[in-house]
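In what follows, a structure is listed as structure tokens, so that the remarks can point back to it.
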Amino acid sequence: MQQLGDLENLSEPRASQELRRLQARGLVRAERDGRYVFYRPSPDPKVPSARPILEAAKLALENHPDDETVRLAWAFGNQRRLDILYALQAGPCDYEILNMRVDMPINTMSRHLQILADNGLVVRQDKIWRLGKVTHPLTKAMLKLIKAKEA
């Protein structure tokens, strides 16, 4: 955990929290060895989306081992942002309609839209929100999973 924290500029408690979140989503497995806990990417068979997410992440990191892949993975790492992306897959819409589709507090939605926009996943033009141009393989795979999961 210390290594992850150092690598990503996270405190040890924050790194631990993020690893537990990944574990809760079925993406990593924790193995205890004495007083240490080691986390390894391993899809939980009870979480249908875990294997495709890990496969998409592995492919993206193999072909694009850069900061963009890490930023995109982080942007996809929140359920509310996934809800917004799913809502926009139904088609472009203004802020008010998007808020009705996702049903979340306005400040929360604004914050998540900003994160998605900063990572090129959504764009706003003439007060209309839409999905951004999909070019990165991780984005393509994740949007496909979001659509398939909700279908």
Between rounded, prolate and oblate, where does the chain land on the alpha carbon gyration tensor, with a ≥ b ≥ c its root eigenvalues, rounded for a/c under 1.5, else prolate if a/b exceeds b/c?
-> prolate
Label-point separation, Ala117 to Arg35 (7 Å along Cα→Cβ), nm = 4.8 nm
Once the dipole of the chain is set up from charges on Cβ (+1 Lys and Arg, -1 Asp and Glu), the residue from the list Ser49, Gly132, Pro105 lying farthest towards its positive end is Ser49
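Set the Förster radius R0 to 25 Å, insert the Cβ-Cβ distance between Ser16 and Asn107 as r into 1/(1 + (r/R0)^6), and round the FRET efficiency to 0.05. Don't jump to the answer; show the numbers that get you there.
Values: r = 28 Å, r/R0 = 1.11.
Between Ser16 and Asn107 the formula returns 0.35.
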So what's the projected area for segment 16-60, the Cα convex hull averaged over all directions, in nm²?
-> 3.4 nm²
For segment 58-99 and segment 11-56, what is the separation of their C-alpha centers, rounded to whole Å?
-> 20 Å
Give the range of the longest stretch in the chain that excludes all trypsin sites (Lys or Arg not before Pro) found in loop regions by DSSP and having at most 11 other beta-carbon atoms within 10 Å.
-> 47-126
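What does the charge dipole of the chain about its Cα centre add up to, to the nearest 20 debye, if the Cβ of each Lys and Arg holds +1 and the Cβ of each Asp and Glu holds -1?
The dipole of the chain has a size of about 440 debye.
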Label-point separation in nm, Arg80 to Tyr95, each point 7 Å along Cα→Cβ = 1.6 nm
Taking the Cα-to-Cβ direction at Glu68 and at Val134 and moving 7 Å from each Cα, how far apart do the two end points lie in nm?
-> 1.6 nm
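Only the coordinates and a few stated rules stand behind these numbers; no lab work does. What you are looking at is a predicted structure, and each value in this text was computed from that prediction instead of being measured. Cβ coordinates were reconstructed from backbone atoms using ideal geometry, including for glycine residues, and neighbour counts include every protein chain displayed.
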